[in-house]
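Asks: Below: one structure in structure tokens.
The values are calculated or read from the model by the stated rules, or taken from the named source; none is laboratory data. Bear in mind that the values here come from a model prediction, so they are computed numbers and not experimental data. Cβ: placed from backbone, ideal geometry, glycine included. Neighbour counts: every protein chain shown. All accessible areas refer to the heavy atoms of the entire protein, side chains included, with ligands and DNA or RNA removed. Shrake-Rupley method; radii C 1.70, N 1.55, O 1.52, S 1.80 Å.
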There are 2 protein chains.
Amino acid sequence: RLFFFFTSGMHFAVLIFASVATMTAFALDNGLMRTPPMGWLAWERFRCDIDCTNDPKNCISENLFIDMADRLYEDGWKELGYVYVNIDDCWSSMDRDKDGRLQADPKRFPGGINKLARYMHDRGLKLGIYGDMGTHTCGGYPGTTVDKIEIDAQTFADWEVDMLKFDGCYSNAVEQELGYPLMSKALNATGRPIAYSCSWPAYQGGLPPKVNYTQLGQICNLWRNYGDIQDSWGSVLSIADWFFENQDVLAPAAGPGRWNDPDMLVIGDFGLSMDQSRSQMALWAIMAAPLFMSNDLRTISSGARSILQNKMIISINQDPLGIQGRRILKEKSGIEVFWRPLSNNASALVFFSRRTDMPYRYETSLSKLNYTTGSYKVTDVYTDQIDVLKDSTEFVVSVNPTGVVMWYVSAPGKLQYHQIIRGDKLRRHKYDAKQNNFL
Amino acid sequence: RLFFFFTSGMHFAVLIFASVATMTAFALDNGLMRTPPMGWLAWERFRCDIDCTNDPKNCISENLFIDMADRLYEDGWKELGYVYVNIDDCWSSMDRDKDGRLQADPKRFPGGINKLARYMHDRGLKLGIYGDMGTHTCGGYPGTTVDKIEIDAQTFADWEVDMLKFDGCYSNAVEQELGYPLMSKALNATGRPIAYSCSWPAYQGGLPPKVNYTQLGQICNLWRNYGDIQDSWGSVLSIADWFFENQDVLAPAAGPGRWNDPDMLVIGDFGLSMDQSRSQMALWAIMAAPLFMSNDLRTISSGARSILQNKMIISINQDPLGIQGRRILKEKSGIEVFWRPLSNNASALVFFSRRTDMPYRYETSLSKLNYTTGSYKVTDVYTDQIDVLKDSTEFVVSVNPTGVVMWYVSAPGKLQYHQIIRGDKLRRHKYDAKQNNFL
């Protein structure tokens, strides 16, 4: 392996040459995130609130992350897999220390980041931190220019941090193409397993040829492909639409250790109805998306909590095959059907309604949804109702406006997994199993 | 008074002449709806579902209205003022009877409308029905052409109906200008008090010069100014925006017996979060809007119910002065402030956030909101928290994304009502009390 040490005076062209030369040979092999990561991330809900004088319970401070860690630890979240407690922007001091290292804001994080990491580790949780490939973070705090990548990676490792979200404000495409792979390398070189979340593709439009998903899978554990989520159904829907419209490009990029990230869950906040919350959870599970909640776990409603703590949906999201699901049908009625193949000859189906009038009675059969001949056990993941359906049985699902019906479909008896996804009854949408390249 | 009797063969020009000649002289004086009507209306939630075979609990049938009446009667709604049980489109047979009268679909309403009316009256409730000024209703059922106005009005009266919503599909502006006043007259002529809801202005863009609000106040008890509401926050917000953007035209039109109708409450359905539900209720109360819920009272959540049954908001909506409130501030931050003057020297304030990020801490004072010098008792209508504020006291309200904080502001002691609305501290927005012409 090559080892880079950059000083701020080093010539840029040299960096680019060195980076391009090693990029394809280098593969991320940190063993992390074999299933999509789960946890909590500060940004969507708490943004850059640094006013600890007037808003002490909500400002970005060690108290906020300790509060959320306590909730994850005491309220049943950790056991379900929600283990990351992730800091986002606005955590640092406005200045690096005398040795050029990032440092936490001394008033808001008097114990420093390392103390926070130990607090997490003592409880079986993990700490994530935020940096930015560029001169400044999006919030205007010190960024990580190329010459600072090594020292910042080492700082995060010294602090015993478990994950880095590396944003891309205040850098251009050339700097990003250089910096994102270098940070991957630098994190690896520390010897500490640090999961690596890259905002890079989101800054380059999220699609080839500007974005190289093969490379991303080699250097990042997850990556933000698209814009930031907001606390509104319009935002959730526009994100889901973009990911499923581009599923032919995106789904093959995902797999154990490398995930598309449609951004945080806003379930438990202010903008989604219960049905819309169930929809976000279902669609994120179909997408094999990271499940980072951004909400206030101290005051979350029991309704939102029960959606986020739904064991069957979590197990679908966390399926070890790690195959990102797809939209397989778009009906004129506004009903859409999503499907994800799972281990143990199983699969997940989501019936989603774009309508805004009333529950829609959607009639179909499993064979119309590309399932092969046979009987299937279907479990409604939100109601726990179980049915056995023949492939030819016409059934009706009543789908609420902006809501979902989600099924875990298992194939008892002699049905084989490959029969389901390679069945010869593929009608309206041809599913090419080879696009998921680990099949 | 002139009395018209129309046959279908009568010449159109004669009708127009007669109508125009009497229009301005005729004033609605049925004594009804001195405060905005409250109740339940089938359309938004149940639409034109006539499939009683497959969907017996939700189809438009007498059972649905009996179910809702039972809920209004037994679950505390009636005592709060929700007394109307209103049928919308798709209730009738596809054909008139041999005498040319409308008749209910015999399978779905085997007891007929009169039986339903008596069911309501036995419980202290009222029954509303739906007709359409035009050849057909919007759903394709028999409409009320000009020659049928008299007979249909008499039919509704014979059935002991208490309210008519008169839609405007399949008619042109000339026919509407003729038909809406004639129906008002025909209803009055039956001798039965029948409240009259006119969809007319919604079909003519809702604004002068096409719409004459002076005339509407003389012939209708309420009128739909704008498009149909859907079960989404986007729809609720676009409606509220239209009404407040046009408040200088609309607010003066409202008063006891004559109300602008921004359409149904969709609280308790599928598309609104709890914060958005609180916002619809608050803004509809500020607007002195009719409160027709369109939801399933058999399965409504306790959260939605508590919003709809909030006594203080209902009393604000039902304030006897009947003054429609206004938006008094639009801040760059996305915060908007609404205000409605109330009886007993009181007023209502709503702080609303258009933001989709996190709760916003809005700092202001009552004097900045045009209140005159003095002390005020403010009651948060959703939390019941009470404070006493001086006009000059700077305070902070934390407003959730797409949510509201709503206050009932009463002015104890020597403050007079006219001082509040005519105070000389009007700064950012001049409120012209004369526009509410009953002051």
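Asks: When you go through A:PHE156, A:PHE166 one by one, which is the residue that is closer than 19 Å to A:LEU216 by Cα and either surrounded by fewer than 18 Cβ atoms within 10 Å (Cβ to Cβ) or not small (Gly, Ala, Ser) (or both)?
Replies: Checking each option against the conditions leaves just A:PHE166.
Asks: Ok, one more. I'd like the full set of residues that are surrounded by 23 or more Cβ atoms within 10 Å (Cβ to Cβ) and under 20 Å from A:CYS52 (Cβ atoms), limited to the range A:110-126.
Replies: Selection gives A:ILE113, A:LEU116.
Asks: List, please: which pairs have Cβ atoms under 6 Å, are six or more places apart or on different chains, and start with a residue in the range A:308-320 that is modelled with pLDDT of 95 or more and end with one that is of a type in the set (Val, Ile, Thr)?
Replies: Hits for this filter: A:LEU308/A:ILE267; A:MET312/A:VAL381; A:ILE313/A:VAL381; A:GLN318/A:THR35.
Asks: Of all the residues that make up the range A:187-212, how many are over 13 Å from A:PHE243 (Cβ atoms) and over 15 Å from the mean Cα position of the chain (by Cα)?
Replies: Residues in the range A:187-212 being over 13 Å from A:PHE243 (Cβ atoms) and over 15 Å from the mean Cα position of the chain (by Cα): 16 in total.
Asks: Out of everything in the range A:213-234 that is under 16 Å from the mean Cα position of the chain (by Cα) and within 14 Å of chain B (Cβ to nearest Cβ), what residue ends up being farthest from A:LEU41 (Cα to Cα)?
Replies: A:GLY227
Asks: Are there helices (runs of 4 or more DSSP H) fully within the range B:1-114 with at least 1 residues that are at pLDDT below 95 and not assigned by the TED database to the domain that holds B:GLY128? List them.
Replies: It comes to B:12-23.
Asks: Answer with yes or no whether B:ALA240 is under 25 Å from B:LEU297 (Cα atoms) and either at pLDDT below 95 or away from chain A (no Cβ under 14 Å) (or both).
Replies: yes
Asks: Another question about this same structure. Within the bounds of the range B:271-288, is there any residue that is open to solvent by 10 Å² or more (accessible area, probe 1.4 Å) and in contact with a strand residue (DSSP E or B) (Cβ under 8 Å, 6 or more places away or on another chain)?
Replies: The answer is yes; a qualifying residue exists.
Asks: Something else about it: Taking B:LEU187 as the residue in question, decide whether it is open to solvent by less than 10 Å² (accessible area, probe 1.4 Å) and either at pLDDT 95 or above or within 14 Å of another protein chain (Cβ to nearest Cβ) (or both).
Replies: Considered against the rule, which asks whether it is open to solvent by less than 10 Å² (accessible area, probe 1.4 Å) and either at pLDDT 95 or above or within 14 Å of another protein chain (Cβ to nearest Cβ) (or both), B:LEU187 comes out as yes.
Asks: Quick one: in the range A:389-424, of everything that is open to solvent by 70 Å² or more (accessible area, probe 1.4 Å) and modelled with pLDDT under 95, which residue is farthest from A:ALA346 (Cα to Cα)?
Replies: A:ASP424
Asks: Can you find a residue in the range B:359-368 that is closer than 23 Å to B:GLN318 by Cα and either out of contact with any Phe, Trp or Tyr (no Cβ under 7 Å at 6 or more places or on another chain) or crowded, with 20+ Cβ neighbours inside 10 Å (or both)?
Replies: So far as the range B:359-368 goes, no, none of its residues is closer than 23 Å to B:GLN318 by Cα and either out of contact with any Phe, Trp or Tyr (no Cβ under 7 Å at 6 or more places or on another chain) or crowded, with 20+ Cβ neighbours inside 10 Å (or both).
Asks: Could I ask something else about it? Exactly one of these conditions fails for B:VAL174: (1) touching an Asp or Glu at 6+ places or on another chain (Cβ under 8 Å); (2) open to solvent by 50 Å² or more (accessible area, probe 1.4 Å). Give me its number.
Replies: Condition not satisfied by B:VAL174: (1).
Asks: If you take the residues in the range A:252-303 that are at positive phi and within 14 Å of chain B (Cβ to nearest Cβ), which one is nearest to the chain's Cα centre (by Cα)?
Replies: Within the range A:252-303, the match that is nearest to the chain's Cα centre (by Cα) is A:ASP263.
Asks: Which condition number does A:VAL378 fail, the rest of (1) under 26 Å from the mean Cα position of the chain (by Cα); (2) farther than 22 Å from B:SER273 by Cβ; (3) open to solvent by less than 10 Å² (accessible area, probe 1.4 Å) being met?
Replies: In the conditions (1) under 26 Å from the mean Cα position of the chain (by Cα); (2) farther than 22 Å from B:SER273 by Cβ; (3) open to solvent by less than 10 Å² (accessible area, probe 1.4 Å), A:VAL378 misses (1) alone.
Asks: Going through the range B:329-351 one residue at a time, which ones are within 12 Å of B:TYR371 (Cβ to Cβ), open to solvent by less than 10 Å² (accessible area, probe 1.4 Å) and within 22 Å of the chain's Cα centre (by Cα)?
Replies: Listed by number, the residues that qualify are B:VAL337, B:PRO341, B:SER347, B:LEU349.
Asks: Moving on to the next point. Name the residue, out of A:ASP228, A:ASP261, that is open to solvent by 30 Å² or more (accessible area, probe 1.4 Å) and closer than 27 Å to A:ASP132 by Cβ.
Replies: Sole residue among the options that is open to solvent by 30 Å² or more (accessible area, probe 1.4 Å) and closer than 27 Å to A:ASP132 by Cβ: A:ASP228.
Asks: Let me ask something additional. Cβ-Cβ under 9 Å, sequence separation 6+ or interchain: first residue in the range A:142-153 and free of Cβ contacts under 8 Å to residues at least 60 places away in the same chain, partner among the aromatic types (Phe, Trp, Tyr) and open to solvent by 20 Å² or more (accessible area, probe 1.4 Å). Which pairs?
Replies: A:GLY143/A:TYR170
Asks: Show the residue pairs that are 6+ apart or on different chains and have beta-carbon atoms under 6 Å apart, the first residue being within the range B:47-65 and away from chain A (no Cβ under 13 Å), the second being open to solvent by 20 Å² or more (accessible area, probe 1.4 Å) and hydrophobic (A, V, I, L, M, F, W, C).
Replies: B:SER61/B:CYS52
Asks: Residues that are within 14 Å of chain A (Cβ to nearest Cβ) and over 30 Å from B:PHE292 (Cβ atoms): find the strands (runs of 3 or more DSSP E) completely inside the range B:309-406 holding 2 or more of those.
Replies: The qualifying strands (runs of 3 or more DSSP E) are B:360-364, B:395-399.
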